[in-house]
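Enquirer: Pasting a structure below so you can have a look.
The values are calculated or read from the model by the stated rules, or taken from the named source; none is laboratory data. For clarity, every value in this text was computed on a predicted model and none was experimentally measured. Ideal geometry is used to build each Cβ from the backbone, glycine not excepted, and the neighbour counts take in all protein chains shown.
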Amino acid sequence: MENTTELHAWLDEYSSSHQNPTNILLHKICVPTIAFTVLGFLWSIPLPKSIRQNLGYVFSHIIPMLVIGPTLAFYFRLSTKMAMAMLVIILCACALLAKMEQKQVRIFRVSLIIFIVAWIGQFIGHDI
């Protein structure tokens, strides 16, 4: 069952404290970016090789999945549409992380740098 009243209350509270157009733009950029980097941090947590081999590629990233599951459950509780949108976004983020991993990008390091820059953007937005 959807809890749209709670969702609307959260969105109303959020919008009342975010009126400046520059602040809104920074949030639209920085919040999803921070979420992506957190997923990147979780993706980077190493599992022992024996576990990775037994789980297969998809489940070798069990740690992010343990966070994604409850996150999606939270969104489904608020709104099915929002949860479906989040599912698409999360799947795209995971696909990007898998591609980065395939290209041997240092996901943790890249995530850390982007995380810091995005939070700086958030702090700038809050001061506007």
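Enquirer: Wholly within the stretch 14-106, which helices (runs of 4 or more DSSP H) include no fewer than the required count, namely at least 3 residues that are farther than 22 Å from Val117 by Cα and under 18 Å from the mean Cα position of the chain (by Cα)?
Expert: In the stretch 14-106, the matching helices (runs of 4 or more DSSP H) lie at 62-78, 80-102.
Enquirer: Within the stretch 74-123, how many residues are among the β-branched types (Val, Ile, Thr) and in contact with a Cys (Cβ under 9 Å, 6 or more places away or on another chain)?
Expert: Final tally of qualifying residues: 2.
Enquirer: Okay, next question. Check the stretch 19-38 and report whether any residue there is modelled with pLDDT under 90 and of a type in the set (Ser, Thr, Tyr).
Expert: Yes - at least one qualifying residue is present in the stretch 19-38.
Enquirer: Does Lys81 satisfy the condition of being closer than 30 Å to Ala9 by Cα, modelled with pLDDT under 95 and basic (Lys, Arg)?
Expert: Yes.
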